[in-house]
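Structure record follows, encoded as structure tokens.
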Amino acid sequence: MSFDEAAKVLKEAKKVVILTGAGVSKESGLDTFRDAKGDGLWSQYNPMELATPQAFQRDPDLVWRWYNFRRDKAFETSPNPGHEVIATWENKFEKLLLVTQNVDGLHQRAGSKKVVCLHGNLLQVRCLKSGKTLTKEEPFESVPPYCQCGSMLRPDIVWFGEALPEGAMEKSLGATLEADVLLVAGTSLQVYPAASLVPYALQRGIPVIEVNVEQSDFSSKTCFLSGPSGEVLPKLDSLLS
Ligand code: BJW
């Protein structure tokens, strides 16, 4: 499907669901997970091996240093034109739900308000003992950080094998059930249950527009638009007016 055809589908759509992944923040300078080349200090670690409860149990200091590094990088950077276009689309469509796997907060900083965060949020931490969450915007002076109660705090992030935030998947699937189109951008679609929105939409027979620099396992069945989301989404947007 061409850009023009994808734009036609979007122009006719009233209810839209957007699923995003790490690729939409790539042009803001943040690494993705599965194509990460590694950034100096962290090149010796596999990000997938740090995003597990077992890794945290084994070495909370290491995992916290990784999250602290990512918090700093996310705060230092800014949303890119891909995030910005998605934010403006809240006013373009009758109904739009943004479902993101990203924890960097860049969609929210670009102005998106209706956001379901499937995998947590870098700004939040959680007490290991009480499970209470709190927002921590300032950098940590030392890690691992501790709660006032004396227990260790952990990042409020969903690691492998952990349940997603209550209601997050239900809300995302519910919106996909009534959507006219699903647009997915910057995700390898390898992590479930997030990726299941795609087969769910395809099964319903609604168009799935996929924006990525590389094809996924689903691309033969989607309207694949090749290119960086920071360029493809503004181009798509320019065809909507
Ligand atoms: C660009 C670009 C540019 C680059 N423009 N694009 C069903 C089948 C098989 C397995 C499972 C299943 N259901 C569950 C599982 C297990 C597991 C899983 O999915 N494993 C698979 C890997 C095999 N899932 C889980 O464990 C989930 N939990 C769960 O299911 O719990 C069940 C349960 C229920 C009740 C009680 C208890 C348990 C949890 C998944 C948590 C994922 N967490 C992470 C880390 C935390 C977040 C963080 O630290 O940031 O989330 S892993 C990591 O992958 C991160 C991401 O959000 C997630 C998705 O990655 P994403 O965003 O797609 O990034 P990449 O790197 O993979 O892809 C980037 C893409 O961008 C690439 O395609 C590039 O080409 C592209 N790109 N530049 C556009 N400029």
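Quick note: the coordinates plus some simple rules give every number you see, no bench work behind them. These figures come from a predicted structure and were not determined experimentally. Cβ coordinates were reconstructed from backbone atoms using ideal geometry, including for glycine residues, and neighbour counts include every protein chain displayed.
Relative contact order, whole percent, for segment 188-241 stands at 26, derived from Cα pairs under 8 Å and 6 or more residues apart. Over all pairs of distinct alpha carbons, what does the Kirkwood formula give as the hydrodynamic radius of segment 103-241, in Å? That comes to 17.3 Å for segment 103-241.
Nearest 0.05, what FRET efficiency do S2 and E76 give at R0 = 45 Å with Cβ-Cβ as r? Write down the numbers at each step before the final one.
Working: r = 37 Å, r/R0 = 0.82.
E between S2 and E76, to the nearest 0.05, is 0.75.
Counting only DSSP beta bridges whose two residues both lie in the chain, roughly 25 percent are antiparallel.
For the residue pairs K92/K235; K73/K136; K8/K92; K73/K129; K14/K171; K11/K235, the C-alpha atoms sit more than 22 angstrom apart in K73/K129. Taking amide H positions as modeled 1.01 Å from N, with prolines and chain starts lacking one, the residues under 5 Å from V211 and 5 or more places away or on another chain are V184, A185, G186, L225.
Which value in deg cm²/dmol, rounded to the nearest 500, describes the helix-derived mean residue ellipticity at 222 nm for the chain, given -39,500 (n - 2.57) per DSSP H run of n ≥ 4 and division by the residue count? Kindly include the intermediate steps, with their values, before the conclusion.
Numbers: 9 runs with 79 residues, N = 241.
Here the helix-only value at 222 nm equals -9000 deg cm²/dmol.
Dipole magnitude for segment 47-194: computed about the Cα centre from +1 point charges on Lys and Arg Cβ and -1 point charges on Asp and Glu Cβ, it is near 220 debye. Backbone amide hydrogens, once placed in the peptide plane, bring D156 within less than 5 Å of N121, Q124, V125, R126, excluding anything fewer than 5 places away on its chain. The mean of 1/r over all distinct Cα pairs in segment 40-165, once inverted, gives the Kirkwood hydrodynamic radius of 15.8 Å. Amide H to amide H, with H built 1.01 Å from N, V99 comes under 5 Å of I18, L19, T20, V116, counting only residues 5 or more places away or on other chains. Each Cα pair under 8 Å and six or more residues apart adds its separation to the average, and for segment 107-241 the resulting relative contact order is 17 percent. For a label point 7 Å from the Cα of E94 along Cα→C-beta, name the residues of segment 8-34 whose backbone N is under 18 Å from it. Within reach of a label on E94: 8-18. Let me make sure I get this right: for segment 43-89, a, b and c are the square roots of the gyration tensor eigenvalues over alpha carbons, sorted descending. Under 1.5 in a/c it's rounded, otherwise prolate if a/b > b/c, else oblate. Which is it? Judged from the Cα gyration tensor, segment 43-89 comes out prolate (a/c at least 1.5, a/b above b/c).
In percent, how large is the relative contact order of the chain, given Cα pairs closer than 8 Å and 6 or more residues apart? Here the relative contact order equals 27 percent.
Hey, got a sec? Which GluC sites (Glu not before Pro) in segment 124-205 land in a DSSP loop and have at most 10 other Cβ atoms within 10 Å?
Listed in order of number, the matching sites are E137, E141, E166.
For segment 147-192, the normalised intensity computed at q = 0.18, 0.24, 0.33 Å⁻¹ comes to -0.79, -1.09, -1.16 (log10 of I(q)/I(0), Debye sum over alpha carbons, equal scatterers, no solvent).
If you wrap a convex hull around the C-alpha atoms of the chain and split its volume per residue, what is the figure in Å³? Mind showing how you got there, number by number?
On the way: hull volume 29.1 nm³, N = 241.
Cα convex hull per residue, to the nearest whole number: 121 Å³.
For segment 181-241, the mean projected area of the C-alpha convex hull, equal to one quarter of the hull surface, is 4.1 nm².
For segment 1-33 versus segment 110-129, the inter-centroid distance based on Cα atoms is 21 Å. When the chain is modelled as a GNM with alpha-carbon springs shorter than 10 Å, which of K73, K136, K113 fluctuates the most? Evaluated over the chain, the most mobile residue of the options is K136.
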